[in-house]
Amino acid sequence: MLLELNQLIVPAGHQLLMKDISWSTYKNILAELGENRNSKISYSQGVLEIIAPLPEHEVSKKIIGNLVEILLEELDIEFRSLGSTTFEKEVMDAGVEPDDCFYIENEAKVRGKNRINLEIDPPPDLAIEIDITSRTRFNNYQALKVPELWRWNGSRLEINVLVDDKYVETNQSRSFPNFPITQMIPEYLMRSKIDGRNATMKAFRTWVKQHIAN
């Protein structure tokens, strides 16, 4: 008996792994589940992962994304945030939906585009994953050649940059080389849980301005 996708239930905080999934099946699953869903889908070389995030996951994603936006605004750098857009490339047999992502260096190349096609467009410059529910795998991001990947596990921010098609962990962000990202992002994320979102964003913006001035 074959299972229908709508028969599968993935509880919040859990993941479902399926192997031996073809590219065409992956594409059909994306189409059947649609865009208005609470789950995230990742695909790499026949392995499909469906993740149902926890509320903590969503809060962390939003706050970190807000902090990145403030950095870019205060540095007066044009950017485009595409959230959990599905990025895929058939020739690489890989597809991924980051928790958040930003076009920074390559923003002008995708400006105004309603659809991103990695066959002709560059990948996002920065991808962010919240690894509270599960541990993000590198292989699909490496295949798509995303230059920088951040992973937040609930207490620590890990920065990985692409070097010779492999990720190398570093304390210095490629996108923000002059900022102590691994220290400040966790600090202000934690502050938001005590002081509230708005107060934290105002304080962070003030800190960024002072850091730039110095």
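The values are calculated or read from the model by the stated rules, or taken from the named source; none is laboratory data. Predicted model, so just to flag it, every value in this text is computed and none were measured. We place every Cβ from the backbone using ideal geometry, glycine too, and count neighbours over all the protein chains shown.
Quick notes
- Test: residue in the stretch 182-192 that is hydrophobic (A, V, I, L, M, F, W, C), surrounded by 14 or more Cβ atoms within 10 Å (Cβ to Cβ) and under 29 Å from N117 (Cβ atoms): no
- Counting only strands (runs of 3 or more DSSP E) that fall entirely inside the stretch 97-214 and contain at least 3 residues that are touching a residue at least 24 places away in the same chain (Cβ under 8 Å) and among the aliphatic types (A, V, I, L, M), the qualifying elements are 126-130.
- Across the stretch 142-156, the qualifying residues are those that are in contact with a Phe, Trp or Tyr (Cβ under 8 Å, 6 or more places away or on another chain) and more than 20 Å from F176 (Cα to Cα), and the one among them that is surrounded by the most Cβ atoms within 10 Å (Cβ to Cβ) is L144.
- Condition met for Y188 (closer than 20 Å to S44 by Cα and in contact with a helix residue (DSSP H, G or I) (Cβ under 9 Å, 6 or more places away or on another chain)): no
- Residue match in the stretch 125-140 (condition: hydroxyl-bearing (S, T, Y), in contact with a His (Cβ under 6 Å, 6 or more places away or on another chain) and within 21 Å of S60 (Cα to Cα)): yes
- Every residue from the stretch 98-123 that is within 17 Å of Y43 (Cβ to Cβ) and surrounded by 14 or more Cβ atoms within 10 Å (Cβ to Cβ): P98, D99, C101, I116, L118, P123
- Qualifying residue in the stretch 97-118 (condition: in contact with a Leu (Cβ under 7 Å, 6 or more places away or on another chain), β-branched (V, I, T) and over 28 Å from N28 (Cβ atoms)): yes
- Screening the stretch 74-108 for residues that are among the aliphatic types (A, V, I, L, M) and modelled with pLDDT of 85 or more and picking the one that is farthest from N139 (Cα to Cα) gives L75.
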